[in-house]
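K.L.:
Input: one structure, supplied below.
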Amino acid sequence: MNTVGIRELKAQLSRHLKRVRAGARLVITERGRAIASIQPV
């Protein structure tokens, strides 16, 4: 499981979505607190 800050996600969305397509699960954080996850379907 990888974590990524919301600002980083917004700045590099395409890159992170490629990682998800490859099978990675991302946990999105805001101010160090987990708020959401993105996972492949």
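Please treat every number below as a calculation from the coordinates, not as lab data. Predicted model only: the values in this text are computed from it and were never measured. Cβ: placed from backbone, ideal geometry, glycine included. Neighbour counts: every protein chain shown.
K.L.:
Among the residues of the stretch 23-30, is there at least one that is assigned to a loop (DSSP other than H, G, I, E, B) and touching a Pro at 6+ places or on another chain (Cβ under 7 Å)?
P.N.:
yes
K.L.:
Do we find a residue being touching a strand residue (DSSP E or B) at 6+ places or on another chain (Cβ under 7 Å) and outside any helix (DSSP H, G or I) anywhere in the stretch 10-18?
P.N.:
Within the stretch 10-18, not a single residue is touching a strand residue (DSSP E or B) at 6+ places or on another chain (Cβ under 7 Å) and outside any helix (DSSP H, G or I).
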